[in-house]
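The values are calculated or read from the model by the stated rules, or taken from the named source; none is laboratory data. Remember, predicted model here, so these are calculated numbers, not experimental data. In this analysis, Cβ positions are derived from the backbone assuming ideal geometry, glycine residues included, and neighbour counts consider all displayed protein chains.
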Amino acid sequence: MSGRLVQRPGAPAGLVIRGARVLDPAAGIDHVGDLVIRDGRLGGRPDGLEVIDGTGKVVVPGLVDVHVHLRVPGREEAEDIATGTRAAAAGGFVTVLAMPNTEPVVDSAAILGSLLETGEREAAVRVGFYAAITTGQQGEGLTEHGDLADSGAVGLSDDGRPVTSARVMLRALQYQRAAGLPLVLHEEDPTLSGRGVMHEGAISTRLGLEGIPSVSESVQVARDCALAAYEDARIHICHVSAAETVEELRLAKARGVRVTAEVSPHHLCLTDAAVEPEVDPARFKMNPPLREPSDREALIAALVDGTIDCVATDHAPHAAQLKDAPFEEAPFGVIGLETAFASCFTHLVLPGLVPLEVLVRRMSSDPAVCLGIPVPTLADGAVADLALIDLEAVERVGEHPFHSKSTNCAFTGEELRGRVLLTVANGQVAHRRTA
Ligand SMILES: [Zn+2]
Ligand SMILES: [Zn+2]
């Protein structure tokens, strides 16, 4: 049984995008021409349909984000399903998967069911929901994995915190094979992270801030790869941040462990140098933290060679009054849905670090494959799931208001290139940029 994805009902799109570069690397599609969307599907006759000029623009398969926080239930002042999926649509995303570290935690079929109902009424793009691995995300008793699978969970995760006990993780992996849901793991060893607030290195020392060492992540990833191998179970590693972790993944994949991994735009684009305490450093506080240039280089290389399978934003909205705190007290997390493509395009593709084709794959088809959800494609006859992007348009982040309820973005004030003009999600127009 695969996870349920829901979206509010809407009229099927009917459009012709004229003269755009149509680029779907996973399907081997790359040509300039017209793309017809009729009755929400790709292909068919263009007559009578509205025409959009795509000259000089690119159409890509809709982006997929397997790691967002929509803050429902319990923290609707920071985000809700309507605003979070609206932000997703504005960023070119057609499917997002939401984490269960809410208040209360999504650890029962009842809470999951009510979220799916809300999604059916409110979601601008497809949304799926993870349920917790352990009750209340307390790291002790397992939730009813079979029940949650039957009720439509897309996977299981205690994201926000690790499953500290190796024994509990082993049992979760045994259930994983039975229930079939992927385990999506936030990896850190809390005895190493301690009360750290940023990457442990020269800059944390200079600033006098407590550090989170890279090995806090990599030892836990090594442990879970070993346990997954032992149980022949499937795991997905969240937000890889450190070069040491890349090494562990490389070794695990080489010996056949069924592990996939994601990396966030902020870890790909920024380093701990951003935390220098001049302007609003809480914008750069997230867990795992921004690390050193050598880590960033390792993450980029791993994304290109496939050791890291996909990009995921870890979109983590926080109400402004919380983030406007001194660095040490501010909560961890940054929003990312609306800047994900432009930040990666500007910081990775334009300087020649990542080919555009690779970035598109790692943000659309590859994450969908990792989590076993429908893969967006531009193949003729498919449901229309796409984004039309102007790769020349430059914009200062924050000048155009965020659709998210929150504004805690690491890229605010930066000029980024690449503007999403149109998103068609599951055959419906989910976003159209007018100004
Ligand atoms: Zn996390
Ligand atoms: Zn997260």
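Rundown of residues vs (1) within 16 Å of ligand 2 (Cβ to nearest atom); (2) assigned to a helix (DSSP H, G or I); (3) under 29 Å from residue 338 (Cα atoms); (4) touching a strand residue (DSSP E or B) at 6+ places or on another chain (Cβ under 9 Å), yes/no style:
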position: 215; (1), (2), (3), (4): no, yes, no, no
position: 219; (1), (2), (3), (4): no, yes, no, no
position: 240; (1), (2), (3), (4): yes, no, yes, yes
position: 251; (1), (2), (3), (4): no, yes, no, no
position: 256; (1), (2), (3), (4): no, no, no, no
position: 279; (1), (2), (3), (4): no, no, yes, no
position: 287; (1), (2), (3), (4): yes, no, yes, yes
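With 207, 181 as the choices, which residue is surrounded by 20 or more Cβ atoms within 10 Å (Cβ to Cβ) and either more than 15 Å from ligand 2 (Cβ to nearest atom) or in contact (Cβ under 8 Å) with a residue 12 or more places away in the chain (or both)?
On the way: 207 fails: surrounded by 20 or more Cβ atoms within 10 Å (Cβ to Cβ).
Step by step, each of 207, 181 is checked, and only 181 is surrounded by 20 or more Cβ atoms within 10 Å (Cβ to Cβ) and either more than 15 Å from ligand 2 (Cβ to nearest atom) or in contact (Cβ under 8 Å) with a residue 12 or more places away in the chain (or both).
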Next item on the list: List every residue pair whose Cβ atoms sit under 6 Å apart, with the two residues 6 or more apart in sequence or on different chains, where the first one lies in region 282-303 and is over 15 Å from residue 216 (Cα atoms) and in contact (Cβ under 8 Å) with a residue 12 or more places away in the chain and the second, anywhere, is among the aromatic types (Phe, Trp, Tyr) and within 16 Å of ligand 2 (Cβ to nearest atom).
Entry: 285/332
Check: Which one of these does residue 71 not meet: (1) more than 16 Å from ligand 1 (Cβ to nearest atom); (2) in a loop (DSSP other than H, G, I, E, B); (3) basic (Lys, Arg)?
Finding: (1)
Check: List the pairs whose first member sits in region 66-82 and is under 15 Å from residue 319 (Cα atoms) and of a type in the set (Asp, Glu), whose second member is assigned to a loop (DSSP other than H, G, I, E, B) and at pLDDT below 95, and whose Cβ atoms are under 6 Å apart, counting only residues at least 6 apart or on separate chains?
Finding: 77/319
Next item on the list: Could you tell me whether residue 296 is outside any loop (DSSP other than H, G, I, E, B) and either within 16 Å of ligand 2 (Cβ to nearest atom) or touching a helix residue (DSSP H, G or I) at 6+ places or on another chain (Cβ under 6 Å) (or both)?
Entry: no
Next item on the list: Could you check, for region 392-402, whether at least one of its residues is within 16 Å of ligand 1 (Cβ to nearest atom), surrounded by 20 or more Cβ atoms within 10 Å (Cβ to Cβ) and in contact (Cβ under 8 Å) with a residue 60 or more places away in the chain?
Entry: no
Check: Of the residues that sit in region 127-150 and are touching a residue at least 12 places away in the same chain (Cβ under 8 Å), over 23 Å from the mean Cα position of the chain (by Cα) and in a loop (DSSP other than H, G, I, E, B), which one is farthest from ligand 2 (Cβ to nearest atom)?
Finding: 144
